[in-house]
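The values are calculated or read from the model by the stated rules, or taken from the named source; none is laboratory data. Source: prediction; values computed, not measured. Cβ sites come from the backbone with ideal geometry, for glycine too, and all protein chains shown count toward neighbours.
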Amino acid sequence: MGNELATVADIEMSVDDLDVDRAKSVFDDHGCLVVRGLTRQYVDAINRDITEAADRAISLLDRAEQIVEGWRTPDGTLFIPAPEGYDRDKQIMVLSYNYSTSGAFFASALDERALDIVEAILGPNVELFGNGQCLVKEPVGGHPKHLHQDAAYFEHRYYGPVAILNYTLTTDLENGALHVVPGSHKLGQLDHVDTFSHLGLDDGEWPWERSLPVCGEPGDGIFFHYRTIHGSKQNHSDARRPVFINRYRRVDDYTIIGASTVANRAEAEKRASEAKKGGQRGLVVRGFRPYEDEE
């Protein structure tokens, strides 16, 4: 069970009155932390980039190829089936927008205040995990993301990644605010099932009522451990609701299981013991990577 009595007030603070020791304490206890205004200085530029990237992706839909997770356009954007009654049959889920395409996005990942908190949680030697991620809920029913643990998709050898999900606009219960289950990172790895939005927890055991919605403003950042249960409901507004995510991990940590369905996770679990750090090296953003001879 998560900390069922936790409220948003228990897990939030302002970037203007940042207390790194308290931030670490909140994160360790609840597996999540809200820092109001953390990335507000990057939001205008990021919103401009996201608009351009989303419009481009939609223009490429006639060239999309079908994959296990849905459809992928030539730019790398992932689409999934649109809800019934939408004006096209596919909607954006993961936009091709990352550190390779946006200076503002990359700058947000290097923010000193964010890294101070990440270092307090993970220790002195920290690398980026992944290339940044942008999730988009399109308007008028944009896809829900079932409650889940990110560890179902990329389980790690050691502590695992810390993510910061950032709002780009006012985000509330109408347009798909993030829900978290404080304390759920202490439950270990839970079994997931296949859902409309890929791996998720059984909604009979994990209904939305067990989670805490976190509404916010542009630039609010939500930290969470990769085993913290989280998700978001549909976007019922008339505008896109994007978020951008920066992820970090210890420099010695690495993925041992990568999956997107129950079937391919089961296969990956068989090979978990063979996984090595190898080429899984991200850019070091704090500290130093000591040499290790993997032989």
Practice item. Please tell me if ALA45 is out of contact with any Lys or Arg (no Cβ under 6 Å at 6 or more places or on another chain) and either surrounded by 14 or more Cβ atoms within 10 Å (Cβ to Cβ) or within 23 Å of PRO161 (Cβ to Cβ) (or both). Key: yes
**Study point:** Matching strands (runs of 3 or more DSSP E) fully within the range 88-154 where at least 1 residues are β-branched (Val, Ile, Thr) and more than 22 Å from ASP62 (Cβ to Cβ)
**Key:** 126-128
Check your understanding: Within the range 153-163, can you find the residues that are farther than 18 Å from PRO213 by Cβ and surrounded by 22 or more Cβ atoms within 10 Å (Cβ to Cβ)?
Key -> GLU155, GLY160, PRO161, VAL162
**Study point:** Scan of the range 1-56 for residues that are of a type in the set (Val, Ile, Thr) and out of contact with any helix residue (DSSP H, G or I) (no Cβ under 7 Å at 6 or more places or on another chain), ordered by number
**Key:** THR7, VAL8, VAL43, ILE50, THR51
Revision key, fill the gap. Per the filter on the range 136-185, residues β-branched (Val, Ile, Thr) and closer than 23 Å to LEU122 by Cα are VAL162, ILE164, VAL180, VAL181
Check your understanding: If only one of GLU52, GLU69 is surrounded by fewer than 16 Cβ atoms within 10 Å (Cβ to Cβ), among the acidic types (Asp, Glu) and modelled with pLDDT under 95, which one is it?
Key -> GLU69
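Could you say which residue among LEU38, LEU33, LEU5 is assigned to a loop (DSSP other than H, G, I, E, B) and touching a residue at least 12 places away in the same chain (Cβ under 8 Å)?
LEU38
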Check your understanding: So which strands (runs of 3 or more DSSP E) are wholly in the range 206-295 and hold at least 3 residues that are closer than 18 Å to LYS145 by Cα?
Key -> 212-214, 221-225, 230-232, 241-250
Check your understanding: Would the range 59-74 turn up any residue that is under 15 Å from the mean Cα position of the chain (by Cα), over 23 Å from LEU38 (Cβ atoms) and either in a loop (DSSP other than H, G, I, E, B) or not small (Gly, Ala, Ser) (or both)?
Key -> no
Check your understanding: Does THR228 meet the test of being in contact with a helix residue (DSSP H, G or I) (Cβ under 8 Å, 6 or more places away or on another chain), under 21 Å from HIS143 (Cα atoms) and among the hydroxyl-bearing types (Ser, Thr, Tyr)?
Key -> yes
Review point. Counting only residues that are assigned to a loop (DSSP other than H, G, I, E, B) and modelled with pLDDT under 95, which one in the range 183-202 is surrounded by the fewest Cβ atoms within 10 Å (Cβ to Cβ)?
Key: PHE196
